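Undergrad: Quick one: the structure is below, and I'll ask about it shortly.
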Amino acid sequence: MILGSAAGGRRWLPEDSSEPMDFHQTNTDSSSPATLARPGTWILIASVLTLGLFGLLTYHVNVTLRVGSEMTQAYLRGEALRDLIVEHERELLSAAAMQVATGEQRWLERHRALEEKLFASLNTAIEDPQPGYDTDALNDIRQSASDLSRVHADAFQLAAAGQSAAALALLSDSDYGVGMDRFGKESTRFIEAFRAYLQAELVGHRRHELRSLGVGMAIVGICILMWVYLARRVRKRNEAFQQELVARSRLEAELLQSQKMEAVGRLASGIAHDFSNLITAIRGFATLARERLSPEHPARRSLARVEEAADQAQGVTRGLLTFSRKSASEKKPVDLVAQVQEDARWFRRVLPGTVRLNLDPGSQPEVWVLGDRGQIQQVLLNLVVNARDAMPDGGEVTIKIDTDPKTEHESEPRVTLSVTDTGAGMDPSVLQRAVEPFFTTKGSEAGTGLGLSVVHGIINDHGGSLRIDSLPGEGTEVKLSLPVVPAPVARDEGSSEEGNEVSGSGTVFLAQGHPYVRDILVTALEDAGFRVSPATSCPAFRSLYSDGDLRPDLIVLDNDLPDGCGVNCLEKIRAHGYAGPAIILAHELSPEVEGGLDADVMLLHKPVRVGDLRRLAVAMTRSRSSSEEAA
């Protein structure tokens, strides 16, 4: 099981690890009802598309019928014109011969009627040609008919003059036969060209019918597929809706759990703040008492132990505030080897005699990481306590530092800190939920389920990653991977809290609501040579500044005053004309608030160490005095 830190994009994956378990997966299932349209919408879309597709099919059918009708009408018109030309070719010759032979007027009238009908049809076809008509052939037919008409007129004149033999000879002359042959050939050319056109049109019409048939089948197929898809979509939505009901119930339970976490976080934050004030008082009074004793006094060692215990309690406080997201860790270069060796003395005190603690600091005398000493101690303490609880019948706990994790996924040097026990181990279902808040296998009377959650949060905040390997009956190994930083430059021993005494002068205005903390801060500042005027609230502090005769050289404000925060109180004091240095005591300030502070304001994190407060107060007042003398 691997938990990767988001800081710097780091993710620690040892070579022999399986695929990491993601404890914060986001459900992006495409079958979620939120990603599906309503069934009514899909039915409407399918109906509209079906109507549109059938409308397209109807259009194709109509086009096919219209083209077929046009082809039929064109064929009929062509056949009628062909019949008219052939018929008139025969009847005109017959009528002309009969009129010359008999001289009867009725044959002349019939000849003229046929001739008028023929020329009217030819003129109409030439002036308004239909598709497929060969107008050149029609013009030639009309010209040939005109030539024959003139021959018939000459024959009729000879017959009227009583020269019937000459008229019949004119109609049987070879020139007349040539004209008749030309008339027949032009008529045949027109008919063959029109039939070729009709043949081509019929071929194209067959292709169009095949396309229409293919389009129709495609439309029917699309409609069938669309309705089948719609049915599957609706069924899938119904299944997803049922899954959503189950997921919603699970989310409601998770929401209740998160609300419980928020309530516990707020409670932890309030307890941590109150406990922080007590730690400040305990450690401060112990420090003052130890400083007032001679170096050989036997009580100094006991008081030093009290200070160490207060430091350990301070780490617990920081862990609670980190869990409740109310405090940022105070990261400084930390020698991990030295801290683990020092903490091991305390860990042995929380382990029963049946549990042995083994320490393997590795081959390097120093390994430096950027971290919060108290929070790293809290991480180790939580892991050791978990290991102890996993071995009720006794066993071994091993803390090991490995400076060469040999992982190809990290380019920067890292150190691996592992805590291994020989306890009962965890099965996969428990391992999957190991870092889940409030999850515990110890029972409500023995555990809160927050130990590994706090470890997870602290390690992520330090840019590291966490891995848990465990099998039932084979114990558990927790590996913490942290980035290594260069060793810091050695500090002057005189700057530590155990070093030289610091002394200052001037007046300090102090605002602190907690009586124990206020007493220790006043005592510490007075021991450093300051005159201290304390106040318990922001209004009392403003009255102290505006009503008194003294003007402070430094003001110290707790940001958690009973009736207002210290930053707001400082702004009001600034408005009354105070331009000197100030110290804000706070667990944490938001980036916006901290960024808005001027250069003469310093932030001192709580719980406050009296040595840090004295040195900072002396440095700030001396800096102001130097600036005034230079001016």
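The values are calculated or read from the model by the stated rules, or taken from the named source; none is laboratory data. These figures come from a predicted structure and were not determined experimentally. Ideal geometry is used to build each Cβ from the backbone, glycine not excepted, and the neighbour counts take in all protein chains shown. Calculation scope for accessible area: heavy atoms of the full protein, side chains included, ligands and nucleic acids excluded. Shrake-Rupley method; radii C 1.70, N 1.55, O 1.52, S 1.80 Å.
Undergrad: Would you mind computing, in nm to one decimal, how far apart the modelled labels at Met98 and Arg211 are, each placed 7 Å from Cα along Cα→Cβ?
TA: Spacing of the two 7 Å Cα→Cβ label points: 5.3 nm.
Undergrad: So how do 454-461, 108-115 stack up, highest first, on mean other-Cβ count within 10 Å?
TA: Taking the mean over residues of other Cβ atoms within 10 Å, the ranking is 454-461, 108-115.
Undergrad: Mind giving me the FRET efficiency for Ala160 and Thr58? R0 is 56 Å, r the Cβ-Cβ distance, nearest 0.05 is fine.
TA: 0.25
Undergrad: Pick out, from Val610, Leu561, Thr536, the residue whose Cα sits farthest towards the positive end of the charge dipole of the stretch 530-631, with +1 on the Cβ of Lys and Arg and -1 on the Cβ of Asp and Glu.
TA: Val610
Undergrad: Also: What FRET efficiency do you get for Arg356 and Ser302 if R0 is 30 Å and r is their Cβ-Cβ distance, rounded to the nearest 0.05?
TA: After rounding, the FRET efficiency stands at 0.60.
Undergrad: Excluding ligands and nucleic acids, what accessible area in Å² is computed for Cys565 using a 1.4 Å probe, to the nearest 10?
TA: Looks like 40 Å² after rounding.
Undergrad: Let me ask you something else. Skip the ligands, DNA and RNA, and give the accessible area per residue of the stretch 90-177 with a 1.4 Å probe, whole Å².
TA: Per-residue value: 54 Å².
Undergrad: Post the alpha-carbon centroid distance, the stretch 242-291 to the stretch 121-141, in whole angstrom.
TA: Centre-to-centre distance over Cα atoms comes out at 104 Å.
Undergrad: With charges only on Cβ, +1 for K and R and -1 for D and E, what is the dipole size of the stretch 162-238 about its Cα centre, in debye, rounded to 20?
TA: The calculated dipole for the stretch 162-238 is roughly 1620 debye.
Undergrad: While we're here: Can you give me the distance in nm between label points at Ser69 and Leu51, each placed 7 Å from the Cα along the Cα-to-Cβ direction?
TA: Computed distance between label sites Ser69 and Leu51 equals 2.6 nm.
Undergrad: Which FRET efficiency value, to the nearest 0.05, is calculated for Ile43 and Ala263 with the Förster distance at 60 angstrom and r the Cβ-Cβ distance?
TA: Here the calculated transfer efficiency is 0.80.
Undergrad: Given the peptides 279-286, 236-243, 249-256, arrange them by the average over their residues of other C-beta atoms within 10 Å, most packed first.
TA: 279-286, 236-243, 249-256
Undergrad: Leaving ligands, DNA and RNA out of it, report the carbon-plus-sulfur percent of the accessible area of the stretch 249-303 at a 1.4 Å probe.
TA: The C+S portion of the solvent-accessible surface of the stretch 249-303 is 63 percent.
Undergrad: Moving on to the next point. Between Ile126 and Glu291, what is the label-to-label distance in nm when each label sits 7 Å out along the Cα-to-Cβ direction?
TA: My value for the distance between the label points is 13.3 nm.
Undergrad: Here is a further query. Do any of Lys572/Lys606; Lys260/Lys572; Lys236/Lys260 go past 32 Å between their Cα atoms, and which?
TA: The pairs that break the limit, which is 32 Å between Cα atoms, are Lys260/Lys572; Lys236/Lys260.
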